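The values are calculated or read from the model by the stated rules, or taken from the named source; none is laboratory data. As the structure is a computational prediction, the values presented were derived from the model and not from experiment. So basically every Cβ, Gly included, is an ideal-geometry build from the backbone, and we count neighbours across all protein chains shown. Side chains included, ligands, DNA and RNA excluded: accessible areas come from the protein's heavy atoms. Shrake-Rupley method; radii C 1.70, N 1.55, O 1.52, S 1.80 Å.
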Amino acid sequence: MESYNHLYHTSRLIVKYWDNTLSEEESVELEAWIAVTEGNRLLFEELSKEEVLKEEMQAMGKYHPQQAWDRIEGEVMVKRMVPWGRVAAAMALIILAIGAKWWYTNSMEPLRPVIAKTQQMKGRPVLIMGNGETVVLSGTKDTLLTEQSGAKIRQQGNKLEYKDGSGPLVYNTLQIPRGMDYSLTLSDGTQVWLNAESSLRFPVHFTENNRRVYLTGEAYFAVAPNAAKPFSVTAGQVEVAVLGTEFNIMAYENEPAVQTALVSGSIKVNTTILQPGWVGVTSNGNTTTQQMDITALTGWKRGMFVFRNDDISTVLHQLERWYDVTAVYPKGKAGSQHFTGAMKRYNNIEQVLELLNQTGGANFKLSGRQINVAF
């Protein structure tokens, strides 16, 4: 069991993560903690939910800043006397630390910017309705966009939520530009996180005996269980069938293969069944399975670039999609350089390139909206 001093230290790392003050060493340390257990990953993702932090902030509003920190210290003492589970104790400490940090700085700014810190992005998320109407999603307030087939479609910040619905089968398409990510709740309660330069075509509500959606790019799915209506994702040459689970699909057209990473539950990739911790790699219609670092593959969902012995083309494709730049490099040497590390992708692109330059072996230089790489 982790010591409470260690839990407190972890809470401070997460505070610094949201405050954008983590050093490179601390970023790697936090990523390592997330990767230790499934409980750590789930805990971190829970703390990524804005509503959880807002609730704690409201509770902290009742305290003077020093009293808030005293409350944290008091919780530490209580945990020493009362045997809580490790995750429960960590949850309490980390939420308290973040809440106190917010109160102490009197800051109500968003936890993280919606757009990456680089040249101003031109693109915005676009929702294409079944009748062809196009809606640019740019508001920050809770807004009722429209009602289609009786469905309520609400937007708040970088979140879109569908509820209810009846009538004929109607598809919408959500398109996410470079430099952004977005979350979507389908009418059945399934949650989808879309990475940059991705799109999802989905029914306003599910009328048939299955729940089928179509993905281009990359997305993380937390599927609402419903044995009577199996859930499936079509992404290029891959079809993933599932009843209720969490998984990540990367199906960008400029990548050599489609990667389907299973976090929990069980899924079938074409005809291949995956178990948690395994990745289906599909190329030219054939699927092979590998055990890979799932926390690295899903790092984008936590606002991180996480590289595990990745070649330079894999690294640069991620930078191109997130910062809306073009990379120029000798293709013949792309497989000779590999990178391992973790960094926040909300950092300015120059900071990311500086960290990559420190690894040696290649030189990254930004010129306008182009990354030039020399070996």
- Message: Going through the cross-link list Lys344/Lys365; Lys163/Lys268; Lys159/Lys331; Lys16/Lys365; Lys16/Lys331; Lys159/Lys229, which pairs have a Cα-Cα distance over 30 Å in this structure?
- Response: Lys159/Lys331; Lys16/Lys331
- Message: Please compute the length gained on full extension between Phe375 and His9, using 0.36 nm multiplied by the number of residues separating them and subtracting their Cα-Cα distance.
- Response: 127.9 nm
- Task: With a point put 7 Å past each Cα toward its Cβ, work out how far Val126 is from Thr207 in nm, to one decimal.
- Result: 2.6
- Query: How far apart, in nm, are two points set 7 Å out from the Cα along the Cα-to-Cβ line at Asn363 and at Val170?
  - Reply: 5.8
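Using a Förster distance of 35 Å, how high is the FRET efficiency between Val136 and Gln290, based on the Cβ-Cβ distance and rounded to 0.05?
Approximately 0.35, to the nearest 0.05.
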- Return a whole-number percent for the relative contact order of the stretch 239-309, with Cα pairs under 8 Å and 6 or more residues apart as the contact set. 23
- Task: Keeping the other protein chains in place, figure out the carbon and sulfur percent of the accessible area of the stretch 237-344, with a 1.4 Å probe.
- Result: 48
- Contact order normalised by residue count of the stretch 138-296, Cα under 8 Å, 6+ apart, percent: 12
- Task: Send over a whole-number figure in Å² for the accessible area per residue of the stretch 157-290, probe 1.4 Å.
- Result: 39
